[in-house]
Amino acid sequence: MTDFEKPANEADQHRILETLRLVKDEAGTSNVLSFASLEGIALRDGHAHVSLATSREDAARIEPLRPRAEAALASLPGISRATIILTAHRAPGKAAPQPQGHRPFQLEQPANSPGHPQPTRPDGKALPQVRAIIAVASGKGGVGKSTTAVNLAAGLAKLGLRTGMLDADIYGPSLPRMLGHSAKPALENGKIIPVEAWGMHAMSIGFLVDEQQAMIWRGPMVMGAIGQFLADVAWPALDVLVIDMPPGTGDAQLTIAQKLSLRGAVIVSTPQDIALLDARRGLTMFERMNVPLLGVVENMSYFCCPNCNHRTELFGHGGAREEAEKANVPFLGEIPLLADIRMSADAGTPIILSAPESEAAQAYTRLARAVADSLRLEPGA
């Protein structure tokens, strides 16, 4: 657990819940918790992140109360800012399931292959309880792939889909920081229990090792770790599992394609030529592995000055769209280059949730909707 983050203790939870109960509608008969149940509370640098589980219908009733509720929480001692996140991950009134008799999981050096048999689909691939598994990939690092993957997954969860996220970047795991969680997952009946954050089930090697630890592993060890995340994690029934792939076209990508029945891949690129060159390699890789291409996203597409609103195309513009047209795959949209996206990721809350009305959140929402439509996924289907 890092110094900047701590779970809410019992006293913090009590005063936060009591404050939420005091924020009532105009009739004075209902409050925020009349339509939702508490899913989680985390405190970081005086910022309270409160996740509430609700239905899609009740979310509309809570929205008018949310600004007043956040302001009320921000007035509490020790809290300077508050963000309330609404998820449709569970029906309201159902508390998060707490595994019985579990203990913290300790990472072991993985062998070349997982040590436990795993359920398989009829085609022999793993994770039959997941309706759709998609990969978010890039040909090179530094294009904002992980930020895109996290906001895409959060957007799918916000649409009401049961969503999981796997951080397959063993050398550079970023999911714990981006989700605002660093506690080690528990182990129950020989299975790792995924971490729950912002309405998603998540797993990353970053949950299992110190943030400063360097993963100096050869290829077989990396493949063994990925195999363990597939075979030894108690993934629940999910509508979609988003895999944040490591950059490049190496062993990890091959292992995932061989072990999983991928429904599709999203390629993330920036507009400049060198990034597009690597994006082409990513497109070719998935084509050769017979993985459908859901489309291409142009990240850092443009910068809009917050002072004068002048738009500057720092890395060029439109290259990813042209590349998608050449490859005859869908173009999934443009994500702007904004400081708020970076700050939100560093703070541990996807911007699609922390600032849902922002330009960036709207871009990610369109991306999530396009991917859900492409996969023909609907909540509860």
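The values are calculated or read from the model by the stated rules, or taken from the named source; none is laboratory data. Not measured: the values here are computed from a predicted model. Note that we place each Cβ from the backbone using ideal geometry, even for glycine, and neighbour counts take in every protein chain shown. With ligands, DNA and RNA removed, areas are computed over all heavy atoms of the protein, side chains included. Shrake-Rupley method; radii C 1.70, N 1.55, O 1.52, S 1.80 Å.
When the stretch 284-332 is filtered for residues that are modelled with pLDDT under 85, small (Gly, Ala, Ser) and outside any helix (DSSP H, G or I), the ones remaining, listed by number, are 301, 316, 318. Checking each residue in the stretch 333-363 for being surrounded by fewer than 16 Cβ atoms within 10 Å (Cβ to Cβ) and assigned to a helix (DSSP H, G or I) picks out 339, 342, 343, 346, 359, 362.
Considering the conditions (1) buried (at least 19 other Cβ atoms within 10 Å of the Cβ); (2) at pLDDT 80 or above, residue 223 is excluded by exactly one of them, (2).
Candidates are the residues of the stretch 250-262 that are outside any helix (DSSP H, G or I) and surrounded by fewer than 20 Cβ atoms within 10 Å (Cβ to Cβ); the one that is modelled with the highest pLDDT is 261. Kindly indicate the residue of the stretch 6-16 that is over 14 Å from residue 68 (Cα atoms) and open to solvent by less than 40 Å² (accessible area, probe 1.4 Å) and also modelled with the lowest pLDDT among those meeting that condition. Per the criteria, the residue is 8. All told, residue 20 meets the bar of being touching a residue at least 40 places away in the same chain (Cβ under 8 Å) and under 11 Å from residue 84 (Cβ atoms). For the stretch 160-191, the set of residues classified as hydroxyl-bearing (Ser, Thr, Tyr) and either open to solvent by 10 Å² or more (accessible area, probe 1.4 Å) or more than 13 Å from the chain's Cα centre (by Cα) (or both) consists of 171, 174, 182, listed by residue number. Any residue at all in the stretch 236-249 that's open to solvent by 10 Å² or more (accessible area, probe 1.4 Å) and either charged (D, E, K, R) or within 12 Å of residue 125 (Cα to Cα) (or both)? Scanning the stretch 236-249, I find no residue that is open to solvent by 10 Å² or more (accessible area, probe 1.4 Å) and either charged (D, E, K, R) or within 12 Å of residue 125 (Cα to Cα) (or both), so the answer is no. Just to be sure, is residue 197 over 12 Å from the mean Cα position of the chain (by Cα), open to solvent by less than 40 Å² (accessible area, probe 1.4 Å) and at pLDDT 85 or above? In short, no. Does residue 33 qualify as being touching a Lys or Arg at 6+ places or on another chain (Cβ under 8 Å) and either buried (at least 19 other Cβ atoms within 10 Å of the Cβ) or at pLDDT 75 or above (or both)? When the stated conditions are applied, residue 33 passes them.
Only residues that are open to solvent by less than 10 Å² (accessible area, probe 1.4 Å) and either modelled with pLDDT of 90 or more or within 13 Å of the chain's Cα centre (by Cα) (or both) were counted in the stretch 117-159, giving 16. For the condition modelled with pLDDT of 85 or more and open to solvent by 30 Å² or more (accessible area, probe 1.4 Å), residue 366 qualifies.
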